[in-house]
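These notes concern the structure reproduced below.
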Amino acid sequence: MHKRILQRALHNLQQQNPNTIIQPILLDSSTCISLIKQCKSIKTLKSLHALMIRSHLHTNLFFSTNLITQYSSLGSITHAYSLFSSAQASDVFLWNVMIRCFVESSSYERAVGLYCRMKEYGVRPDNYTFPYVVKACGHLRDVKLCRVVHGDVVEFGYEYDVFVDNSLMTMYGRCEQVGVSRQVFDRMSERSLVSWSAMIGAYAQNGFYKDGFALFRKMLSERIKPNRVAVLSVIPCVSSETDADEISRVIVEHRLDSEQSIQNAAMLMYSKCGRIDIARRTFEKIPNKDLIAWSSMIEAYAQADMPIEALDLLKQLKLQRIQLDYVTVLSVIRACSSLASLRQARFIHGFITKGSFQNELVLETALIDLYVKCGSLEYARKVFQRMQKRNLVSWSTIISGYGMHGRGREALDLFDQMKETEKPDHITFVSVLSACAHAGLIAEGWSCFNSMTKDFGLTPMSEHYACMVDILGRAGQLNEARVFINNMPIKPESGVWGALLGACRIHSNVELAEFAAKSLFELDPENPGRYVLLSNIYRSMGKREEADRIRALMKQKGVRKDPGHTIIEVKNKMYKFVVGEKSNPQTELIHKELDILMERIRIEGYVPDTNFVLHDIEEEMKEKMLYLHSEKLAIVFGILNSSPGSVIRIKKNLRVCGDCHTATKFISKVTEREIVVRDAHRFHHFKGGECSCGDYW
DNA sequence: GTAGGGTTAG
């Protein structure tokens, strides 16, 4: 009976005919609350609200708080706030509700602002106020503000409230103050499972994976039973297959293995530690895969650098007519950027344009990055120019794009434009400084580096110092680079030494190279590139024994050199070339054509640089070896299989070899082809015998 | 009416 009356009243409201509602129903308070909660649109809620005003019910605190909450959850924070403003504001409950509404609608500044007003008003915050306010502060990532609110927590006597403490830990975690989170955790007299999860989550979000994992183990040892959320918090801390297996056992033991959220997280966990096969098996075992399961698997493939498999999953998704969202598309984009296929990028762009996805700004930014990585700055620029809205991330993306393509001046112009509306952050400066490095803009690099602190109050991090070392080093200012590193106020990370070592390769400085390598082998002992670089420096200076010693060291430490390869897409198919590739069906033709091409460029003045051959063999043989480099094979294959005059795009997994760089310049001249080469660091555009990098690389 | 949490652009 009661339900029927309610339904009728609601129906009348939806018909915008509130007068037909029988007054006595509304006088019943539980009916009224039910009605408020059942309103599915602002319009209906407004009618009900009007009716309540006529019945003088709106002044009732309980009704107003319900109305405020409903307005807010229907998306109208404006209506919610206007109602709050007109209500009697002496009750802490009402303030709490309004602050919560601001937090839930992500208006964190307004939440904190309201909290301040509340105190000015003389309303004392209670144990319910702080979790909301603390959450808002965490999202604002303002450490000073966090400290002030934490002070209030202590002042008002909620320092030992488990809810407040749990939110404090998360707050400090969000502002990169994980040490303070831990202080809160240690000081707590009573801890709930949420406290442990919050602390583990704070470690995870800040990259303190070992600490997070250790705390999870400690929690288990104290016989605290983990639930779904606790396991989800520790999963990002997993860094090895052993860790992953350990977590898997915990999952099974506590019967959490049928939770889909756990299965989804487990896929990424295994893909992160190199077991994409287990990730895929987990995915296959999920009975009713939801969209997040599909997105997670696509993301797992993206992380494992398996774009073909990611695209294949997208195809299957479409076949099953599952409606995908922008998150799925983002994962597909990320997966494809390593493919470097402009055709694929165009396809995804079309796909996005045809569908209607949320978060346009985010998708467009991802698309800009994709076009950049597929070698088309032109398309990237077009997407950027057509954007309705831009933010810090989209500006940084396009700036980094220009930088990677060696167009430093334009990157700096964009940076100047950006500063009119956005405040650059650490990542923006990495983009700008590396743009300067790639283009050899020394003075501009210095000026940007200094401006970071002077104009924007940012403290340079190791990456920024690495860019500066790169700038100085490439320009041959090796001593300046060494002094610069010595004067660093923070400990140089491997990137800094790596930049120095790279500069030593260009400018043949063995002594400094050894100095840089010493630190590198400590900081980054697993990275094969560092060993290869040092060994090559020795070899190019004729120090064969030292070179062999480094190779032996590599072997001894079990570090394996990544085999170099080049990928090219021809007629919708990807072809992979390694040194001396013979499996390609056109091998014979490629070699014939290569011989002819090499003769043609020799006449134009190409001289092979046998420094780039590692083995100790006769000079003539060395030249032959150079001919067989994967870059050259791929380019010739491209020339043979594309129409005259079309652009050839190749992708090398390591840095492009110096001799291939020189040869490609000549090839672009004699064949009148534009050749775009993506390597591990940047792009080279070859045209008419020149490269966009101006040999500055 | 309170805290932790599965995919997510540089």
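The values are calculated or read from the model by the stated rules, or taken from the named source; none is laboratory data. What you see is a predicted model, and the numbers here were worked out from it, not measured in a lab. Neighbour counts are summed over all protein chains in view; Cβ atoms, including those assigned to glycine, are modelled from backbone coordinates with ideal geometry.
When you scan the range A:381-403, do you find a residue that is modelled with pLDDT under 95, of a type in the set (Ser, Thr, Tyr) and either within 13 Å of DNA strand B (Cβ to nearest atom) or surrounded by 15 or more Cβ atoms within 10 Å (Cβ to Cβ) (or both), even just one?
No, the range A:381-403 contains no residue that is modelled with pLDDT under 95, of a type in the set (Ser, Thr, Tyr) and either within 13 Å of DNA strand B (Cβ to nearest atom) or surrounded by 15 or more Cβ atoms within 10 Å (Cβ to Cβ) (or both).
Return the residues of the range A:422-445 that are surrounded by fewer than 22 Cβ atoms within 10 Å (Cβ to Cβ) and in contact (Cβ under 8 Å) with a residue 60 or more places away in the chain; say none if nothing qualifies.
A:440, the sole residue that qualifies.
Just the residues that are in a helix (DSSP H, G or I) and either surrounded by fewer than 20 Cβ atoms within 10 Å (Cβ to Cβ) or in contact (Cβ under 8 Å) with a residue 60 or more places away in the chain (or both), please, taken from the range A:404-421.
A:404, A:409, A:410, A:413, A:416, A:417
I'm checking my understanding of the structure. Among residues of the range A:324-335 that are closer than 25 Å to residue A:565 by Cβ and among the hydrophobic types (A, V, I, L, M, F, W, C), which one is nearest to DNA strand B (Cβ to nearest atom)?
Of everything passing the filter in the range A:324-335, A:333 is nearest to DNA strand B (Cβ to nearest atom).
Since residue A:110 meets every condition but one in (1) in contact with a Ser or Thr (Cβ under 9 Å, 6 or more places away or on another chain); (2) farther than 24 Å from residue A:160 by Cα; (3) assigned to a helix (DSSP H, G or I), which condition does it not meet?
Failing condition for residue A:110: (1).
Looking at the range A:179-192 only, could you name the residues that are within 11 Å of DNA strand B (Cβ to nearest atom), over 30 Å from the mean Cα position of the chain (by Cα) and modelled with pLDDT of 95 or more?
Correct list: A:188, A:191, A:192.
Out of curiosity, is residue A:480 within 26 Å of residue A:514 (Cα to Cα), charged (D, E, K, R), in a helix (DSSP H, G or I) and within 13 Å of DNA strand B (Cβ to nearest atom)?
So residue A:480 fails the test.
Identify the residue in the range A:193-229 that is within 7 Å of DNA strand B (Cβ to nearest atom) and over 14 Å from residue A:170 (Cβ atoms) and, among all such residues, is surrounded by the most Cβ atoms within 10 Å (Cβ to Cβ).
In this case the residue turns out to be A:228.
Got a sec? Which of A:124, A:141, A:147, A:100 is away from DNA strand B (no atom under 16 Å from the Cβ) and either out of contact with any helix residue (DSSP H, G or I) (no Cβ under 9 Å at 6 or more places or on another chain) or under 26 Å from residue A:165 (Cβ atoms) (or both)?
A:147
How many residues does the range A:230-263 hold that are within 13 Å of DNA strand B (Cβ to nearest atom) and touching a Cys at 6+ places or on another chain (Cβ under 8 Å)?
Selection size over the range A:230-263: 1.
Could you tell me whether residue A:295 is within 13 Å of DNA strand B (Cβ to nearest atom) and either surrounded by 21 or more Cβ atoms within 10 Å (Cβ to Cβ) or without any contact (Cβ under 8 Å) to a residue 12 or more places away in the chain (or both)?
So residue A:295 fits the description; yes.
May I ask you to list the residues in the range A:280-294 that are within 16 Å of residue A:309 (Cα to Cα) and among the hydrophobic types (A, V, I, L, M, F, W, C)?
If the condition is that a residue be within 16 Å of residue A:309 (Cα to Cα) and among the hydrophobic types (A, V, I, L, M, F, W, C), then A:283, A:293, A:294 are the ones that fit.
Could you figure out which of (1) outside any helix (DSSP H, G or I); (2) within 14 Å of DNA strand B (Cβ to nearest atom); (3) farther than 20 Å from residue A:137 by Cβ isn't true of residue A:176?
Unmet for residue A:176, out of (1) outside any helix (DSSP H, G or I); (2) within 14 Å of DNA strand B (Cβ to nearest atom); (3) farther than 20 Å from residue A:137 by Cβ: (3).
Pairs only if they're at least six apart or on different chains, beta carbon under 9 angstrom, first in the range A:200-225 and assigned to a loop (DSSP other than H, G, I, E, B), second within 11 Å of DNA strand B (Cβ to nearest atom) and of a type in the set (Phe, Trp, Tyr); list them, first residue then second.
Taking only residues 6 or more apart or on different chains, the pairs are A:222/A:196; A:224/A:196.
Quick one: count up the residues across the range A:336-380 that are within 12 Å of DNA strand B (Cβ to nearest atom) and without any contact (Cβ under 8 Å) to a residue 60 or more places away in the chain.
Number satisfying all stated conditions: 20.
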